[in-house]
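The values are calculated or read from the model by the stated rules, or taken from the named source; none is laboratory data. Just so we're clear, the structure is a prediction, and the values are computed from it rather than from any experiment. We place every Cβ from the backbone using ideal geometry, glycine too, and count neighbours over all the protein chains shown.
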Protein chains: 2
Amino acid sequence: MSLAELGADVIRIDPIEGGLDYHRWPVTAAGRSLYWAGLNKGKKSVRIDIRRPEGRELAQAIITAPGPEAGLFVSNFPAQGWLDFNGLRQLREDLIMVNIVGNRDGSTALDYTVNCAVGFPLVTGVPGDAAPVNHVLPAWDLICGLTAATGLLAAERYRRLHGAGQMVRIALSDVALAVVGDLGFISEVQINGSARERHGNHIYGAFGHDFETSDGRTLMVAAVSVGQWKALCKATGIVEAIKSLEQTGGGDFTRDADRFAAREAIVALLLPWFAARTLAEAAALLDADRVCWGPYQSFEQLVRDDPRCSTANALFAEVAHPGIGHTLTPGSPIDFSAAEAVAPLVGPVLGQHTDEVLLEILRLSSGAIGALHDRGIVAEV
Amino acid sequence: MSLAELGADVIRIDPIEGGLDYHRWPVTAAGRSLYWAGLNKGKKSVRIDIRRPEGRELAQAIITAPGPEAGLFVSNFPAQGWLDFNGLRQLREDLIMVNIVGNRDGSTALDYTVNCAVGFPLVTGVPGDAAPVNHVLPAWDLICGLTAATGLLAAERYRRLHGAGQMVRIALSDVALAVVGDLGFISEVQINGSARERHGNHIYGAFGHDFETSDGRTLMVAAVSVGQWKALCKATGIVEAIKSLEQTGGGDFTRDADRFAAREAIVALLLPWFAARTLAEAAALLDADRVCWGPYQSFEQLVRDDPRCSTANALFAEVAHPGIGHTLTPGSPIDFSAAEAVAPLVGPVLGQHTDEVLLEILRLSSGAIGALHDRGIVAEV
């Protein structure tokens with residue numbers, strides 16, 4: 001989808017009844033998946049009975065279609081049998097295939113079963129609690145998807161320069177393990193002999209925390225630089241109190257590590273200021289001093305109150321989605337100066353482009369297409 | 001770093017004292033940042049006094065150096081003054097600049113202050129709790145970084161095909177807002193008039209939950225497909241109990257939505273099976289039936305116990321990091337068949353490549369480089 005939003009012609013091939021994600025939540029009252037509609041924006045949808053040899057041959061022909069802009073295939077199916085890379089390569093020698101697997105050995109893994117293993121749920125949530133807290137954002141799926149987009153573009157670049165296709169393999173669990181290593185959590189265990197603990201909503205190794213306001217709202221304040229720290233102290237009037245705290249052995253709070261060590265004392269100094277103000281009052285004062293902060297918002301509050309989540313932000317447009325209705329729809333978050341922005345796109349209806357793809361990509365006659373329909377090898381909407 | 005791991009020659013320009021992230025946690029006892037070392041793997045490090053005009057001119061010359069592989073610039077500094085895109089373009093007309101900003105209007109935002117606003121912390125954690133729970137993974141930063149890699153590769157492709165450079169702008173908050181929309185959470189509010197609630201560790205709209213074993217470990221079980229669901233029922237011996245539950249109005253548990261609706265009853269049926277077995281015993285039985293599951297592991301347990309997080313996985317190698325020590329280090333999670341895997345790389349020492357870059361990229365004489373050192377415009381290690 002990220003590539004469709006950059007203007008690529010992306011064709012999604014599904015079994016006649018739709019893929020595993022076709023009914024994934026959230027869904028409308030009528031059962032249409034808002035998740036599927038959102039993540040398939042701009043793609044063409046083709047329905048093929050890939051359980052039958054004839055359907056598999058059709059799918060292979062689409063995957064290996066000729067042309068410099070084609071022969072780029074992304075799949076999370078096992079690369080074996082009719083999707084074996086060397087088999088497909090017989091049909092197009094410079095094919096690029098990006099294969100996403102669960103674990104590197106080919107065994108199954110999902111975002112949920114990777115996330116639990118890589119440490120984060122045991123350091124998320126209230127200090128002192130022992131139970132794991134899963135993240136709700138499918139972060140590993142999202143990071144893996146963008147890793148695949150990066151890998152595909154890199155392989156396409158290589159093919160353009162050297163003429164050769166290739167297999168690009170990405171394991172979801174490797175994506176997560178690489179992140180854990182890149183962020184320093186593996187070396188923290190190995191070098192320091194300790195590991196990050198559960199710190200609630202404190203920012204690790206700097207200063208940041210949530211605060212409740214007099215109208216029952218909550219906001220997050222961050223001070224990960226000296227500038228942000230000074231702005232926070234000034235806006236909330238704790239400059240003198242902080243000086244005293246530093247002088248009585250609190251440390252030097254221009255240093256990230258010292259602010260982190262004294263985080264509870266700093267939170268205690270700040271609490272009354274927030275408790276005495278509404279969110280709007282606090283916001284005005286924080287913004288005046290350019291403090292780095294943000295409000296906690298539910299999904300409803302985000303949609304209702306935040307101008308960034310509205311057509312006031314060029315990221316969004318109101319778009320009609322077939323079978324779903326009008327909804328605020330994001331485009332690509334990447335803004336290219338050399339290209340017109342692609343307006344926010346619509347997800348397809350399952351099978352909407354079956355005939356178009358058979359006609360335009362495979363150049364089948366309408367008679368041949370009709371025969372495929374008659375035999376149930378393909379289906380339109 | 002993702003691009004350095006694909007073989008790109010990535011030069012990081014820092015002020016003499018290092019950037020804001022130079023001391024970011026986790027750090028060693030001696031204060032070396034494991035975070036910085038991890039996220040700058042494979043980059044060349046150049047120290048320049050960018051507060052002085054002469055330093056800025058040097059940095060501009062590196063940014064706009066000639067050659068088809070150069071003239072690619074990524075920055076999260078404001079694109080103004082000496083980093084104004086049109087100014088830089090005077091030095092290299094086909095420059096590609098990727099500028100990451102907080103909000104689209106240029107105002108500041110961090111992962112923390114974006115995350116609180118886009119809804120997830122209020123649906124993370126135990127149902128019934130009201131307090132927000134921040135994720136610990138800097139997911140928005142990671143997604144934004146990979147979005148930037150995708151944007152850079154797309155712009156480089158465009159330059160290769162059409163000869164033109166461009167400005168590529170990405171706002172961190174837009175990245176998060178696009179994800180919220182893509183996953184269907186905006187349309188859930190607008191179309192359904194409701195929003196996702198806090199469901200603890202239940203998988204939304206399917207079946208999945210955590211279970212404690214007799215040896216005090218916890219594991220996550222997922223059944224997001226009929227195959228996974230049948231495997232789970234078989235392995236844990238609840239096939240008959242599930243049939244009864246379905247017949248007494250529990251629904252049709254081959255449907256995701258019905259499993260989700262009956263999630264508490266299903267969890268209750270499964271609890272005793274897990275409570276009667278150690279993690280190892282449960283693991284053997286679950287694996288025998290190919291159930292989709294994973295253990296919860298702390299960072300220590302991950303490093304100590306999981307073969308995926310060891311040199312048994314080709315993702316990793318033991319690497320010596322200067323000033324830090326030997327540690328298990330990941331390479332790129334992308335495995336290209338047409339290229340030798342880049343072995344896991346080492347982060348630079350700050351300023352390690354200053355002279356090399358001045359010599360090889362800017363082709364300065366050693367006399368000129370010496371003079372820059374004398375005036376404190378640049379620094380080596």
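Determine whether residue B:315 is at pLDDT 95 or above, farther than 30 Å from residue B:274 by Cα and over 20 Å from the mean Cα position of the chain (by Cα).
Spelling it out, it is not the case that residue B:315 is at pLDDT 95 or above, farther than 30 Å from residue B:274 by Cα and over 20 Å from the mean Cα position of the chain (by Cα).
Which residues, taken from segment A:86-127, are at pLDDT below 95 and either of a type in the set (A, V, I, L, M, F, W, C) or crowded, with 21+ Cβ neighbours inside 10 Å (or both)?
A:125, A:126
Scan (1) more than 7 Å from chain B (Cβ to nearest Cβ); (2) in contact with a helix residue (DSSP H, G or I) (Cβ under 6 Å, 6 or more places away or on another chain) for the single condition residue A:153 breaks and write down its number.
Here residue A:153 clears every test but (1).
In segment A:325-338, which residue that is buried (at least 23 other Cβ atoms within 10 Å of the Cβ) and outside any strand (DSSP E or B) is farthest from the other protein chains (Cβ to nearest Cβ)?
Among them, the one singled out is A:332.
Out of the residues in segment A:14-54 meeting the condition of being more than 14 Å from chain B (Cβ to nearest Cβ) and in contact with a Gly (Cβ under 9 Å, 6 or more places away or on another chain), tell me which one is farthest from residue A:375 (Cα to Cα).
A:45
Among the residues of segment B:265-284, is there at least one that is within 32 Å of the chain's Cα centre (by Cα) and within 11 Å of another protein chain (Cβ to nearest Cβ)?
Within segment B:265-284 (the criterion being within 32 Å of the chain's Cα centre (by Cα) and within 11 Å of another protein chain (Cβ to nearest Cβ)), the answer is no, since none of the residues qualifies.
This table checks each residue for (1) in a helix (DSSP H, G or I); (2) in contact with a strand residue (DSSP E or B) (Cβ under 6 Å, 6 or more places away or on another chain); (3) crowded, with 21+ Cβ neighbours inside 10 Å; (4) touching a residue at least 24 places away in the same chain (Cβ under 8 Å).
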| residue | (1), (2), (3), (4) |
| --- | --- |
| A:2 | no, no, yes, yes |
| A:5 | yes, no, yes, yes |
| A:20 | no, no, no, no |
| A:23 | no, yes, no, no |
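If residue A:91 passes every condition in (1) within 13 Å of another protein chain (Cβ to nearest Cβ); (2) over 22 Å from residue B:224 (Cβ atoms); (3) of a type in the set (A, V, I, L, M) but one, which one does it miss?
The single condition residue A:91 does not satisfy is (1).
Taking the options A:142, A:122, A:146, name whichever one is closer than 18 Å to residue B:332 by Cβ, of a type in the set (A, V, I, L, M) and touching a residue at least 60 places away in the same chain (Cβ under 8 Å).
Testing whether each residue is closer than 18 Å to residue B:332 by Cβ, of a type in the set (A, V, I, L, M) and touching a residue at least 60 places away in the same chain (Cβ under 8 Å) leaves just A:146.
Got a number for residues in segment B:110-131 being at the interface with another protein chain (Cβ under 7 Å from one of its Cβ atoms) and of a type in the set (A, V, I, L, M)?
6
Out of segment B:298-313, which residues are closer than 14 Å to residue B:327 by Cα, in a helix (DSSP H, G or I) and either touching a residue at least 12 places away in the same chain (Cβ under 8 Å) or more than 7 Å from every other protein chain (Cβ to nearest Cβ) (or both)?
B:303, B:304, B:309 - these are the residues of segment B:298-313 that are closer than 14 Å to residue B:327 by Cα, in a helix (DSSP H, G or I) and either touching a residue at least 12 places away in the same chain (Cβ under 8 Å) or more than 7 Å from every other protein chain (Cβ to nearest Cβ) (or both).
Which one is farthest from residue B:127 (Cα to Cα) among residues in segment B:160-198 that are in a loop (DSSP other than H, G, I, E, B) and more than 8 Å from chain A (Cβ to nearest Cβ)?
B:163
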